[in-house]
Amino acid sequence: MERLQKVIAKSGVTSRRKAETLIQDGRVKVNGKVVKELGTKVSNNDEVEVDDILIEKEAPIYIMVNKPRRVLSSVKDDKGRSVITDLLGEDIEERVYPVGRLDYDTTGLLLLTNDGSLTNKLIHPKYGVDKVYVAKVKGMLTKQDLTTLKKGVTHEGERLKCVHARILEVDKKKEKTKVELTLHQGKNRQVRRMFEAIGYRVEKLKRERFGTLTLGKLQPGEYRELTPHEVKQLVDLTNKNVK
Ligand code: URA
């Protein structure tokens, strides 16, 4: 939700100050009704008209970030820790939000956008969007462990499962295993909790793929806007997969 005068200003109709005058003069309608209060908040779904002409909402924007460790997947933090939007430069003027979350210490692909409707589809399990993680786990994982993870485990009363699991590397000396897990669910700390449920500790965790997107050459802390084609691929994915 944003203040009406800000939404009008962002649409490019006029400045925020002049938008306030338009509102007070009764020239602004929200969902067909004249609104004169300056404090009024509107959502992306509300229809805003100025002099009976529908305003164009802020254009949607989609940004892929390679999240480094020790950064929060939120837009602000009361404790003063770094947040994901701190990584964005002045070229990004839109207010964007993370699509789901990665833990403070998890690295990898995080999408930021102001498109709430696509966000909901990308994170809801019913749309079956793959989230692919590579976990470095302490201990020697067995095939049976992978089967258990695919069948599902219960952690703190929640049923957690993955759709694929495979071992990528085994370090016998250090007794560590590198595993790839593909999830459709996106529960809080899901990968770490799934391993905890079967007696292992995740030492490092990175998200390598999100639906049709991979990081490519993007280094930790770097970001880039998605191309129109990449956005279309994501939208197509949510239309195709819905169960
Ligand atoms: N699973 C986790 O445990 N942590 C993340 O950041 C993402 C998935």
Legend entry - Cβ-derived FRET efficiency at R0 22 Å, Asp105 paired with Val170, nearest 0.05: 0.45
Legend entry - Set of lysines near Lys206 by C-alpha distance (under 21 Å), chain-local residues within fewer than 8 positions excluded: Lys67, Lys131, Lys136, Lys138, Lys150, Lys161, Lys174, Lys176, Lys178, Lys187, Lys217
Legend entry - Label-to-label distance, nm, for residues given as Glu208 and Lys76 (7 Å Cα→Cβ offset): 3.8 nm
Legend entry - Extension gain, Lys36 back to Asn239 (0.36 nm per residue minus Cα-Cα distance, nm): 69.1 nm
Legend entry - Compactness of the range 97-238, expressed as Rg and Dmax over alpha-carbon positions, Å: 15.5, 48
Inset, instruction - Could you provide, to the nearest whole Å², the per residue accessible area of the range 40-198 with probe 1.4 Å? - result: 54 Å²
Legend entry - Other-chain or far-sequence residues with amide H under 5 Å of Val83's (modelled H): Leu72
Inset, instruction - Take the Cα pairs of the range 95-165, get the Kirkwood Rh, then feed it into Stokes-Einstein at 4 °C and 1.567 mPa s and tell me D in µm²/s. - result: 89 µm²/s
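Between Lys6 and Arg201, what length in nm is gained on full extension when 0.36 nm per residue of separation is reduced by their alpha carbon distance?
65.5 nm
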Legend entry - Per-q log10 I(q)/I(0), the range 2-54, q = 0.26, 0.27 Å⁻¹ (Debye; single scatterer per alpha-carbon; no solvent): -1.00, -1.10
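Give the calculated FRET efficiency between Glu47 and Lys232 to the nearest 0.05, with a Förster radius of 30 Å applied to their Cβ-Cβ distance.
After rounding to 0.05, the efficiency reads 0.70.
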Inset, instruction - Could you tell me what fraction of 2.2 N^0.38 Å the Cα radius of gyration of the chain comes to, as a two-decimal ratio? - result: 1.23
Inset, instruction - Compute log10 of I(q)/I(0) for the range 130-210 with the Debye formula, placing one identical point scatterer on every Cα and leaving out solvent, at q = 0.12, 0.21 Å⁻¹, to two decimals. - result: -0.28, -0.90
Inset, instruction - Calculate one ³J(HN,Hα) per residue across the range 86-96 by plugging θ = phi - 60° into the Karplus curve 6.51 cos²θ - 1.76 cosθ + 1.60, and present them in order as whole Hz with x for glycine and proline. - result: 4, 6, 7, x, 6, 5, 9, 9, 6, 8, 10
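The values are calculated or read from the model by the stated rules, or taken from the named source; none is laboratory data. The structure presented is a predicted model; accordingly, all values stated were derived computationally and were not measured. Virtual Cβ from ideal backbone geometry, glycine too; neighbours counted across all protein chains shown. Only protein heavy atoms, including side chains, enter the accessible area calculation; ligands, DNA and RNA are left aside. Shrake-Rupley method; radii C 1.70, N 1.55, O 1.52, S 1.80 Å.
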